[in-house]
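This report concerns only the one structure given below.
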Amino acid sequence: MDSPDDQGITRFETLAVHEGRQVDPVSGAVTPAIQPSTTFERDADGGYSRGHVYSRQSNPNRQQLETCLAALEGGQSALAFASGSAATMSILQLLRPGDHVLITDDAYHGSRHLLDTLFRQWGLQHDRVDTTDTEAVAAAIRPDTRLLWIESPSNPLQGLSDLEALGALASEHEIITVCDNTLASPVGQNPLRHGMDLVLHSSTKYLGGHSDLLGGAVIHRDNFAQAQALRDIQSAGGAVPSAFDCWLLLRSLSTLSVRVRAQADSARTLMERLDEHPAVETVFHAMHPNHPHRARAKQYLRGGGALFAFTVRGKADDAMRLVAATRLFTRATSLGGVESLIEHRASIEGPGTRTPDTLVRLSIGLEHVEDLWADLQQALEHIRKD
Ligand SMILES: *Cc1c(COP(=O)(O)O)cnc(C)c1O
């Protein structure tokens, strides 16, 4: 969001600090209080003029968080969930048994896993499709297709789908579109501005940013027909975050823009150096000059986040040895936190993954870039040179 809206004060960084907050009228407190109450008092006439009934349905901290999340994605409304996966499940629960779903073939393995297991049993059908190829998506649409699940940039290969073309195609067929925007974060991309119906985030990643909270969010465009149905699933199913997690996430959103931009700057420096390194084969990042869809990167992304991957020249074993040799990078899954992480992705994703077994995935944190580079350089020495 680079330009002010009608009110003239709504650039991204300003919204991230102010949206959903107000100075407490009683105490003057500048930061919101945490409201742990599960239940709220009725008025004498039995109504709830103060807006809350029971915390599964709504809670002041969740309301503040949802207000801010909607503003950051330019959506009409946001729904916060207990995890990205709970948010994913809630979107899939909008569908009926027998409906057909198309999903990006290298989408987050957990999203594919849900379709392969719980929702297969529930009667949803799905096909994996290369959503970077709009023609392939058009060819895969069936009369019973109801949902197009796009992850762009995808993880870890960082494919970029043409959101506007896919949005137009889906609306011709009355198919709901979702873009999992976890990798770019709202700092890098706002899919609702490019014809998507829904945006999904695992708030566990950049939105939370400190590897200390689990959360998910769905933000919908104006006049999304199933908005109330989604709200009903959230409040009846109850996969909602605690008041404390909502408070902590709202606090983290204030620094989202500076964190992501600093992390992405370091990632760019490291990628430039890895490009020149003899042990490195290919670097994968949505904004990398080698990306097959440069024009899409320009059209959709202000930044591509600080998660990237590279393949090593060698075998799976070489990639494993590199990962084992880092000292500053922690060997752990996840991304978006202030601490840098490294992993051998294919062994996490397991059988059926398209991720090459020589691929190493890095999530760049907020450490000094020269310290990160020194660590990678010494770890790269562990790759066999023959
Ligand atoms: C982590 C992740 C998810 C799932 O989120 P959880 O908070 O772990 O349930 C979904 N999509 C992407 C791209 C992710 O990285």
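The values are calculated or read from the model by the stated rules, or taken from the named source; none is laboratory data. A quick note: this is a predicted structure, and the numbers were derived from the prediction, not measured. Here the Cβ is made from the backbone with ideal geometry for all residues, glycine too, and neighbour counts use every protein chain on show.
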Wholly within the stretch 59-170, strands (runs of 3 or more DSSP E) carrying at least 3 residues that are crowded, with 17+ Cβ neighbours inside 10 Å, touching a Lys or Arg at 6+ places or on another chain (Cβ under 8 Å) and not assigned by TED's automatic domain parsing to the domain that holds A227: none
Residues within the stretch 214-235 that are out of contact with any Asp or Glu (no Cβ under 7 Å at 6 or more places or on another chain) and either in contact (Cβ under 8 Å) with a residue 12 or more places away in the chain or closer than 15 Å to V338 by Cα (or both), tallied: 14
Long-range neighbours under 6 Å by Cβ, at least six apart or interchain, first residue closer than 10 Å to R259 by Cβ and assigned to a loop (DSSP other than H, G, I, E, B) within the stretch 200-213, second at pLDDT 95 or above and more than 10 Å from the ligand (Cβ to nearest atom): Y206/S185; Y206/V260; G209/S252; G209/R259; H210/G337; H210/V338
For the stretch 78-107, how many residues are closer than 20 Å to A140 by Cα and not basic (K, R)? 13
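Of all the residues that make up the stretch 197-209, how many are within 15 Å of the ligand (Cβ to nearest atom) and either over 9 Å from the mean Cα position of the chain (by Cα) or modelled with pLDDT under 95 (or both)?
Start the filter on the stretch 197-209 by keeping residues that are within 15 Å of the ligand (Cβ to nearest atom), which leaves 198-209.
Now narrow it down to the ones that are either over 9 Å from the mean Cα position of the chain (by Cα) or modelled with pLDDT under 95 (or both): 198, 208-209.
Residues that pass the stated criteria total 3.
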Residues located in the stretch 331-348, provided they are modelled with pLDDT of 95 or more, surrounded by 15 or more Cβ atoms within 10 Å (Cβ to Cβ) and over 12 Å from S211 (Cα atoms): I342, E343
So is D212 farther than 21 Å from S58 by Cβ, within 16 Å of the ligand (Cβ to nearest atom) and surrounded by fewer than 18 Cβ atoms within 10 Å (Cβ to Cβ) or not? yes
Number of positions in the stretch 184-196 that are in a loop (DSSP other than H, G, I, E, B), more than 14 Å from the ligand (Cβ to nearest atom) and in contact (Cβ under 8 Å) with a residue 60 or more places away in the chain: 1
Is it fair to say R261 is of a type outside the set (G, A, S), farther than 18 Å from A16 by Cα and touching a residue at least 40 places away in the same chain (Cβ under 8 Å)? no
Kindly list, by first and then second residue, each pair from a residue in the stretch 155-169 that is touching a residue at least 60 places away in the same chain (Cβ under 8 Å) and at negative phi to a residue that is within 16 Å of the ligand (Cβ to nearest atom) and aromatic (F, W, Y), limited to pairs with Cβ atoms under 6 Å and residues at least 6 apart or on different chains. N155/Y108; L157/F284
May I ask you to verify whether N181 is within 16 Å of the ligand (Cβ to nearest atom) and in contact with a Pro (Cβ under 8 Å, 6 or more places away or on another chain)? yes
Count of residues meeting criterion [of a type in the set (A, V, I, L, M, F, W, C) and away from the ligand (no atom under 16 Å from the Cβ)] in the stretch 215-232: 5
Look at A239 and say whether it is part of a strand (DSSP E or B), of a type outside the set (S, T, Y), farther than 30 Å from T311 by Cα and touching a strand residue (DSSP E or B) at 6+ places or on another chain (Cβ under 9 Å). no
Return only the number of the condition from (1) within 16 Å of the ligand (Cβ to nearest atom); (2) in a helix (DSSP H, G or I); (3) modelled with pLDDT under 95 that V260 does not satisfy. (3)
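With the condition kept exactly as written, say whether any residue in the stretch 41-52 is in a loop (DSSP other than H, G, I, E, B), of a type in the set (K, R) and surrounded by fewer than 19 Cβ atoms within 10 Å (Cβ to Cβ).
Yes, there is a match, as at least one residue in the stretch 41-52 is in a loop (DSSP other than H, G, I, E, B), of a type in the set (K, R) and surrounded by fewer than 19 Cβ atoms within 10 Å (Cβ to Cβ).
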